[in-house]
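Asker: The structure is given below, and queries will be raised subsequently.
Readers should treat all values here as calculations from the given coordinates under stated rules, not as data from a laboratory. As the structure is a computational prediction, the values presented were derived from the model and not from experiment. With ideal geometry, Cβ positions are generated from the backbone for all residues, glycine too; neighbour counts draw on all protein chains shown.
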């Protein structure tokens, strides 16, 4: 078994040397990449779609079951972990109104 010898380091600068044309080419490629990335935008959400009553009921059940929605206490404060306040509208239907957010 023989050992391979490594060449000693020349101690040269690690600075990348570029000529003027390489810099221009790099800038052109970067510009093309930016253009490509910005031209593929997601479609805008449709504003004419309204949630159905079934969707709203399913959402309300899910938020209550997960503990994210709760009625306020006597002082009007939400319990820990709740992000939505449960309120009744004029017709007596229960609604979840967002009051704060949770990072966790």
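Asker: Run the numbers on the stretch 53-98 and let me know its relative contact order in percent, using alpha-carbon pairs under 8 Å that are six or more apart.
Answerer: Details: 50 pairs, mean separation 12.6, N = 46.
Relative CO of the stretch 53-98 lands at 27 percent.
Asker: If you rank 64, 103 by fewest surrounding Cβ atoms within 10 Å, what's the result? Don't skip to the end; give the middle numbers.
Answerer: Numbers: 64 17, 103 3.
Arranged by neighbour count, lowest to highest, 64, 103 become 103, 64.
Asker: Which of rounded, prolate or oblate describes the stretch 53-98 when judged by the alpha-carbon gyration tensor and an a/c cut-off of 1.5? Kindly include the intermediate steps, with their values, before the conclusion.
Answerer: Details: a/c = 3.03, a/b = 1.30, b/c = 2.33.
In terms of gyration-tensor shape, oblate.
Asker: Within a 10 angstrom radius of the beta carbon, how do 78, 94, 29 rank from fewest other beta carbons to most? Please list the in-between numbers first.
Answerer: On the way: 78 18, 94 13, 29 10.
Fewest to most other Cβ atoms nearby, the residues stand as 29, 94, 78.
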